[in-house]
Amino acid sequence: MIRVAVNGYNVIGRRVADAVTAQKDMELVGVAKTRPDYKAELALKKGYRVFAADEKGRKSFQAAGVACSGLSREMSSLADIVVDATPEEVGVANKEMYSDLGKSAIFQGGEEHDVAGLSFVAQCNYEKARGRKFVRVVSCNTTALCRVLNALDQAFEVERARVVIARRGADPDEYKKGPIDSVVLDPSTIPSHHGPDVNTVLPNFPVITMAMKIPTTHMHLHSLIVTVKDKGISDSRVLENLWRTPRLMFVDSGKQGFKSTANIVDYAREIGRPRSDIYESVIWEDSVKAIDNEIYLFMAVHQEAIVIPENIDAIRAMVGKEDKEQSMQMTDQSLGIRSSPK
Ligand code: NAD
C-alpha cells in the first residue's frame with residue numbers, strides 16, 4: 001500500500017483525499033488543515049486523521065474541541081508521498097519541509113513549473129514522472145487542453161492551435177470572489193498564461209490562448225480552433241480520433257439537449273457523481289467541425305475535479321509499479337470514468 005498524506009484540504013485536497021481512499025493500492029495517512037471548521041468535522045466523520053497546518057492551528061483545534069492528530073510535518077513524516085493541495089505559493093514554501101523529511105511530493109498548478117521541474121498530465125508524460133521526488137500536476141485548463149491537443153497532434157499533426165477560454169469567476173464556495181456582473185479580461189494582453197503552461201507538458205507545442213473571467217462558478221468553457229497539417233480531415237475522422245482518447249466525455253446539444261454547462265452539472269448530479277464531479281474534458285460532439293485543415297470545437301472543464309485522476313496517476317508514477325495504461329485504468333475504474341473507445 002502506498003501511504004499518501006494530503007496537505008491542504010479544500011477544493012482539490014478534499015477530492016484527492018476521497019480519491020486516494022477509493023484506490024486498492026493506497027492508504028490515506030491523514031489530511032492537514034489550517035482551521036477546525038465544518039470541513040475538518042466532516043473529515044473526522046469520514047474517519048480521516050486531521051492534522052493542523054501549524055502550532056497556531058493546533059491551538060485553534062484544541063480551543064474548538066475538534067480532534068487533531070498533530071502537525072502537518074508529523075503527518076508528512078508518516079507518508080510515502082504528500083499531495084500538496086495548499087493555495088498557490090504555499091506549496092513552494094512547503095517544499096523545504098518535504099525535502100528535509102526525504103518525502104516525495106506532488107504540487108498543483110498554482111505553483112510554477114520550477115517547483116518540481118516536471119509538469120504532469122498522465123496521458124502525455126506519465127513515464128517521465130517515474131521515480132521522481134517532485135512532480136507538479138498542471139492546472140485544470142492546462143490538463144484539459146493537453147488531453148485534447150496531444151490527441152489531435154498525434155493523429156493529424158497540429159500546425160497551430162488557438163484557444164479562447166471563458167473562465168469561471170470563482171469556485172462555488174468562494175463567496176468573496178467575482179465578477180458578479182461583468183466579463184473581466186484575464187488578462188487583456190495576449191497570450192494568457194495557459195498556452196505557455198501547456199508548453200511545460202508539451203514543449204514547443206504551437207498554441208496561443210486568450211482568457212476572460214465570467215460570472216459562473218461551475219465550469220470553464222474553451223473555444224478551440226486547431227490547424228493541422230493533415231489535409232484529409234473530416235468531422236468523422238476527428239470525432240473517431242477523439243472517441244479513442246482517454247478522459248474525454250461527449251455531449252450533444254441536439255438530441256441529448258446539452259445546451260449549456262448547467263446541463264452538464266445537472267447530468268453529473270443525476271448519474272450520482274460525488275459532488276457532481278466531472279473528471280473528463282467535456283466535448284460538444286455537435287461542435288466538432290473540420291473546415292479545410294482547421295478543427296473547431298467547444299469544450300467544458302470542471303475546474304474542481306479534472307485534476308483529481310491526474311494526482312492519483314502521478315502518485316503511482318512516482319512511487320508505484322504500474323505502467324501508464326494500468327494506472328489510468330485503475331484510476332478511471334475507481335472514479336467511474338468511461339474507458340475509451342466510446
Ligand atoms: P483552496 O484555497 O480551496 O484550498 C487550499 C486549502 O489549504 C485551504 O483550506 C487553506 O486554508 C489551506 N492551507 C493554506 N495554507 C496551508 C498550509 N500551510 N498547510 C495546510 N493547509 C493550508 O485551494 P484549491 O482551489 O484547492 O487549490 C489548491 C491548488 O490547486 C492551487 O495550486 C490551485 O491553483 C490548484 N488548482 C485549483 C483548482 C480550482 O479550480 N480550485 C483547479 C486546479 C488546480
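Rule-based calculations on the coordinates, nothing more; no lab input. These numbers come from a predicted model, not from an experiment. Here the Cβ positions follow ideal geometry from the backbone for every residue, glycine too, while neighbour counts run over all protein chains shown.
So which of Val158, Val183, Val198 is more than 25 Å from Arg136 (Cβ to Cβ) and out of contact with any His (no Cβ under 9 Å at 6 or more places or on another chain)? Only one candidate passes the filter, namely Val183. The residues of region 95-128 that are near the ligand (Cβ under 10 Å from one of its atoms) and within 18 Å of Val16 (Cα to Cα), listed by number, are Phe107, Gln108, Gly109, Gly110, Glu111. Residues in region 293-318 that are more than 16 Å from the ligand (Cβ to nearest atom) and either within 27 Å of Arg269 (Cα to Cα) or buried (at least 22 other Cβ atoms within 10 Å of the Cβ) (or both): Ile295, Leu297, Phe298, Arg316, Ala317, Met318.
The residue that is surrounded by the most Cβ atoms within 10 Å (Cβ to Cβ), counting only those in region 191-205 that are touching a Ser or Thr at 6+ places or on another chain (Cβ under 6 Å) and not in a loop (DSSP other than H, G, I, E, B), is Val198.
Taking the conditions (1) more than 12 Å from the ligand (Cβ to nearest atom); (2) closer than 20 Å to His218 by Cβ; (3) touching a residue at least 12 places away in the same chain (Cβ under 8 Å) in turn, Leu185 satisfies each one other than (2).
Of the residues contained in region 9-25, none is found to be assigned to a strand (DSSP E or B) and under 21 Å from Gly91 (Cβ atoms). Contact annotation: residue pairs with Cβ atoms under 6 Å, 6 or more positions apart or on different chains, pairing a residue in region 140-165 that is under 15 Å from Val238 (Cβ atoms) with a partner that is within 16 Å of the ligand (Cβ to nearest atom) and not in a strand (DSSP E or B), are Arg147/Arg247.
Residues in region 248-276 that are assigned to a loop (DSSP other than H, G, I, E, B), buried (at least 19 other Cβ atoms within 10 Å of the Cβ) and not hydrophobic (A, V, I, L, M, F, W, C): how many?
Residues of region 248-276 that are assigned to a loop (DSSP other than H, G, I, E, B), as a first pass: 252-260, 271-273.
From the residues that got through so far, the ones that are buried (at least 19 other Cβ atoms within 10 Å of the Cβ) too are 258.
Those still in the list that are not hydrophobic (A, V, I, L, M, F, W, C) too: none.
Total meeting the criteria: 0.
Of the residues making up region 65-87, none is part of a helix (DSSP H, G or I), surrounded by fewer than 15 Cβ atoms within 10 Å (Cβ to Cβ) and more than 14 Å from the ligand (Cβ to nearest atom).
Quick grid of which residues meet (1) part of a helix (DSSP H, G or I); (2) surrounded by fewer than 24 Cβ atoms within 10 Å (Cβ to Cβ); (3) of a type in the set (Val, Ile, Thr):
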| residue | (1), (2), (3) |
| --- | --- |
| Cys124 | yes, yes, no |
| Glu127 | yes, yes, no |
| Gly131 | no, yes, no |
| Arg136 | no, no, no |
| Asn141 | yes, no, no |
| Leu145 | yes, no, no |
| Gln154 | yes, yes, no |
| Arg160 | no, yes, no |
| Val163 | no, no, yes |
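Do we find a residue being out of contact with any strand residue (DSSP E or B) (no Cβ under 6 Å at 6 or more places or on another chain) and assigned to a helix (DSSP H, G or I) anywhere in region 168-186? No, the conditions are met nowhere in region 168-186. Residue count for region 16-41 under the criterion of being away from the ligand (no atom under 13 Å from the Cβ), hydroxyl-bearing (Ser, Thr, Tyr) and closer than 25 Å to Glu174 by Cα: the result is 0. When each of Gly13, Gly8, Gly57 is tested for being at positive phi and either out of contact with any His (no Cβ under 9 Å at 6 or more places or on another chain) or away from the ligand (no atom under 11 Å from the Cβ) (or both), the lone residue that passes is Gly8. How do the pairs read when you match residues in region 20-37 that are over 25 Å from Gly57 (Cα atoms) with residues anywhere that are within 12 Å of the ligand (Cβ to nearest atom) and not in a loop (DSSP other than H, G, I, E, B), using Cβ under 8 Å and keeping only pairs 6 or more apart or on different chains? So the pair list comes out empty.
Which one is nearest to the chain's Cα centre (by Cα), of the residues in region 96-122 that are among the hydrophobic types (A, V, I, L, M, F, W, C) and assigned to a loop (DSSP other than H, G, I, E, B)?
Val121
Pairs please, first residue from region 215-237 and in contact (Cβ under 8 Å) with a residue 24 or more places away in the chain, second anywhere and in a loop (DSSP other than H, G, I, E, B) and among the charged types (D, E, K, R), Cβ atoms under 8 Å, 6+ apart in sequence or on different chains. Going by the 8 Å Cβ cut-off, the qualifying pairs are Pro215/Asp181; Thr217/Asp171; Thr217/Glu174; Val228/Glu157; Lys229/Glu157; Asp230/Glu157.
Taken together, the criteria place Asp173 among residues that are acidic (Asp, Glu), within 16 Å of the ligand (Cβ to nearest atom) and surrounded by fewer than 23 Cβ atoms within 10 Å (Cβ to Cβ). Here Leu149 passes the criteria (1) at positive phi; (2) more than 14 Å from the ligand (Cβ to nearest atom) except the one numbered (1).
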